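Just so it is clear, none of the values below were taken in a lab; they were calculated from the coordinates. All values reported here derive from a predicted model rather than from experimental measurement. Methodologically, a virtual Cβ is constructed for each residue, glycine included, from the backbone with ideal geometry; neighbour enumeration extends over all protein chains shown.
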Amino acid sequence: MNDFMSKVQEFMRGRNGSDELALASIELAVILVIINFFANNGIISLIALALVAYAIFRIVSPNVNARRKESMAFAEKLGPVRPWVSNPVAAFKDARVYRHVTCPNCHQRLRVPRGKGHISVTCPRCKQKFDFRS
Ligand SMILES: [Zn+2]
């Protein structure tokens, strides 16, 4: 097993490895496969296969800089959905304990605890105070 792991490490040296975009592709592929369990559509399974192939391409790609740029552009496009893609379990736990609000002044996203009734929030970026019902 150790020998296998060192071979994997050897293979992955200088390669991109798993990143957010590869992870998102695999997640989407899994979702499509589940949908296809009911839909039984050839095109859906082809798309799922293409997504997995794309994820593998990213993981073994030696062009780390290009892949990193794509991944960052992707993360930017995701915006608030990003935590749900990169770590759905943590995002789910987070969503149960916290609420996300947007500062009315600078539109910075803030995390506030749930179930505290009326609370006053100070934006850490622009220091704007606003009331909020959690
Ligand atoms: Zn603000």
Length released on extending from residue 129 to residue 2, taking residue separation times 0.36 nm less the Cα-Cα span: 40.2 nm
The chain, dipole about Cα centre (Lys/Arg Cβ +1, Asp/Glu Cβ -1), debye to the nearest 20: 780
Long-range amide H partners of residue 98 with built H, under 5 Å: 114
Go ahead and set up a Gaussian network model of the chain, Cα springs under 10 Å, then flag whichever of 90, 53, 75 fluctuates most. 90
Dipole check, the chain, charges on Cβ (K,R +1; D,E -1), about Cα centroid: among 5, 17, 107 the Cα furthest to the positive pole belongs to 107
Could you check the spin-label model distance between residue 94 and residue 76? Points 7 Å from the Cα along Cα→Cβ, value in nm. 2.0
Of 77/127; 69/93; 93/127; 7/77, which pairs sit farther than 32 Å apart, going by alpha carbon to alpha carbon? 7/77
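Among the helices of the chain (complete DSSP H runs), which have Cα atoms covering no less than 24 Å along the helix axis and a Kyte-Doolittle mean of at least -1.0?
Passing helices, by number: 20-39, 42-60.
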Two-site FRET efficiency, residue 18 against residue 106, from Cβ-Cβ distance with R₀ of 41 Å, rounded to 0.05: 0.75
Give the share of C-alpha pairs in each 5 angstrom bin for the chain, from 0 to the last occupied bin, in whole percents, shortest bins first. 2, 9, 13, 13, 14, 13, 11, 10, 8, 5, 2, 0
Within the chain, what is the longest stretch that has no trypsin sites (Lys or Arg not before Pro) placed in a DSSP loop and near at most 13 other beta-carbon atoms within 10 Å? 14-113
How large is log10 of I(q)/I(0) for region 25-102 at q = 0.21, 0.23 Å⁻¹ when the intensity is taken from the Debye formula with one equal scatterer per alpha-carbon? -1.04, -1.08
Specify the residue with the greatest mean-square fluctuation among 66, 91, 48, computed from a Gaussian network of the chain linking alpha-carbon atoms under 10 Å apart. 66
Convex hull of Cα atoms in region 95-134, direction-averaged projection (nm²): 2.4
